[in-house]
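A quick write-up on the structure given underneath.
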Amino acid sequence: MNPDKSRIPRISIWTYGYALTPPVPRDRMGPVKSLLADGQAEARLDALIWEGRLINGADITHILVVSDRPDQDLDINHRVEAELRRLDAPFSLTRAISLPGGRSGTGGAG
């Protein structure tokens, strides 16, 4: 084992998701996709991890979020939820769960 790597703290990685029911056609999700990209860029600027992805095919049924915090009350979450409401896209939010192992290092996702 590289001794330098053992000094790098482990980062807890969390995941949660938005379940959209009924599914939303992908062509209506452009504003949400832009918000997800903005959230990742903002996190990277603050040396944090936050990334959201649209999951599934032509009709979106989930937004998966991976973050270095379990907090779901972030500004980006509020903006995504406001846009989903504007799109009249009913959703539920899963609880955040910790992913085993985490990741070494600091900084943005990538």
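Among 19-29, 48-58, sorting by the average number of other beta carbon atoms lying within 10 angstrom of each residue, highest first, gives 48-58, 19-29. Spin-label model, SER12/ASP75: points 7 Å from Cα along the beta carbon direction are separated by 2.4 nm.
3J(HN,Hα) along segment 47-58, derived from phi through the Karplus expression 6.51 cos²θ - 1.76 cosθ + 1.60 where θ = phi - 60°, amounts to 6, 10, 10, 7, 9, x, 9, 7, 10, 4, x, 4 Hz, with x in place of Gly and Pro.
What the phi angles of segment 61-77 give under the Karplus curve with 6.51, -1.76 and 1.60, with θ = phi - 60°, is a coupling list of 10, 8, 10, 9, 10, 10, 8, 8, 9, x, 4, 10, 10, 8, 4, 4, 4 Hz, glycine and proline written as x.
Within the accessible surface of segment 20-66, defined with a 1.4 Å probe on protein heavy atoms only, the carbon and sulfur portion equals 59 percent.
The values are calculated or read from the model by the stated rules, or taken from the named source; none is laboratory data. Small disclaimer: the values here were computed from a predicted structure and weren't measured. Reconstructed Cβ throughout: ideal geometry from the backbone, glycine too, with neighbour counts over all protein chains shown. Accessible surface areas use protein heavy atoms only, side chains included; no ligands, DNA or RNA. Shrake-Rupley method; radii C 1.70, N 1.55, O 1.52, S 1.80 Å.
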